[in-house]
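Asker: Sharing a structure, written as structure tokens. Questions coming.
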Amino acid sequence: MLMKILFAMGGVILTSSLGPISAQTSIPATTPAPPLPPPPALSAAPTVPKPVIFHPPGGFSGGFLPNRIGGGSRGDKADGLFVQALVPDGIALTSQAQPSLYFRQTQPAKEPCEVTIIESKSHAPVFMRMAPPTSAGIHPIRLAKLNVQLKPDIVYRWNVAIIIDPQNRSQDVMADGYIERRDAPADLVRQLSQTPDQDKPALYAENGFWYDALQSLSDQIDRDPKNVPLRHERDHLLQQVDLGRAKTDAGPSKSP
């Protein structure tokens with residue numbers, strides 16, 4: 001009996017003595033692994049517009065169809081400098097009172113630029129302005145910024161001239177084009193209200209509104225200068241009216 005009590009006491013003593021040893025030799029906590037970095041964000045795919053196919057309109061006011069004046073109505077050269085009005089032969093349409101007119105310049109000019117807008121039949125000047133020298137690329141003439149409004153059903157002639165020699169204006173490097181404002185049909189207005197911006201150039205072009213198609217495309221390029229599909233679509237539009245290939249690496253267009 002005494003031995004059992006001693007054995008039991010020894011067990012208690014052994015158990016008590018092992019308790020602290022077990023606590024003192026606990027395994028240290030491991031350091032958690034750092035979180036994995038988030039995956040790189042995928043860049044948004046560039047906007048791809050609906051193919052822009054231009055359908056020339058008919059029925060111009062008064063049957064007036066201008067002819068080219070030598071080689072100057074769409075462009076002229078001087079020491080490699082070439083200026084081109086980005087408009088088809090004849091008259092092109094806009095549905096806007098204050099559209100943007102576009103011209104292309106092949107290289108920088110040191111000389112000032114003159115912009116003129118006149119009514120074709122009356123030859124009454126509507127606007128004339130001298131502008132600083134322009135760089136190479138495609139440039140808009142934004143009538144909204146110039147506070148110029150076109151009247152409906154009137155043909156206007158617009159002209160861009162780089163003045164090489166102020167004393168001899170026959171040396172000007174010049175280009176001109178024609179524009180007529182015509183109200184958009186109600187069906188086209190309805191379609192435009194239901195069409196995303198990226199597809200509006202195609203809708204304008206299908207209905208013969210050249211200036212609106214080109215402006216809609218160019219405005220999108222200004223907002224997204226690195227969008228190659230947009231630039232290619234504009235090149236394709238220009239090629240359809242024999243205006244050649246515009247530079248696709250030009251930056252945002254700037255008004256003269």
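Asker: Sort out which residues of the stretch 121-143 are in contact (Cβ under 8 Å) with a residue 60 or more places away in the chain and among the basic types (Lys, Arg), and write them in order of number. Give the steps one after another, and end with the answer.
Answerer: Taking the stretch 121-143 as the starting set, the residues that turn out to be in contact (Cβ under 8 Å) with a residue 60 or more places away in the chain are 131-132, 134-142.
Correct list: Arg142 only.
Asker: Something else now. Restricting the stretch 70-94 to residues that are closer than 23 Å to Gln107 by Cα and β-branched (Val, Ile, Thr), which is modelled with the lowest pLDDT? Break it down stepwise before answering.
Answerer: To start, the set of residues in the stretch 70-94 that are closer than 23 Å to Gln107 by Cα comprises 70-88.
Now narrow it down to the ones that are β-branched (Val, Ile, Thr): 83, 87.
Working: Val83: 91, Val87: 95.
Residue satisfying both the conditions and the ranking: Val83.
Asker: List every residue pair whose Cβ atoms lie under 9 Å apart, where the two residues are 6 or more positions apart in sequence or sit on different chains, the first residue falls within the stretch 144-156 and is small (Gly, Ala, Ser), and the second residue, located anywhere, is surrounded by 12 or more Cβ atoms within 10 Å (Cβ to Cβ).
Answerer: That search, which allows pairs on different chains as well, returns Ala144/Gln96; Ala144/Ala97; Ala144/Gln98; Ala144/Pro99; Ala144/Ser100.
Asker: Here's a check for you: in the stretch 168-209, which residue that is part of a helix (DSSP H, G or I) and among the acidic types (Asp, Glu) is farthest from the chain's Cα centre (by Cα)? Walk me through it before giving the result.
Answerer: If we filter the stretch 168-209 for residues that are part of a helix (DSSP H, G or I), which is where we start, we get 169-171, 186-193, 197-206.
Within this subset, residues satisfying the condition of being among the acidic types (Asp, Glu) are 187, 197, 199, 206.
On the way: Asp187: 26, Asp197: 11, Asp199: 13, Glu206: 20 Å.
Among residues in the stretch 168-209 that are part of a helix (DSSP H, G or I) and among the acidic types (Asp, Glu), the one farthest from the chain's Cα centre (by Cα) is Asp187.
The values are calculated or read from the model by the stated rules, or taken from the named source; none is laboratory data. Predicted model, so just to flag it, every value in this text is computed and none were measured. FYI the Cβ positions are ideal-geometry reconstructions off the backbone, even for glycines, and counts take in every protein chain you see.
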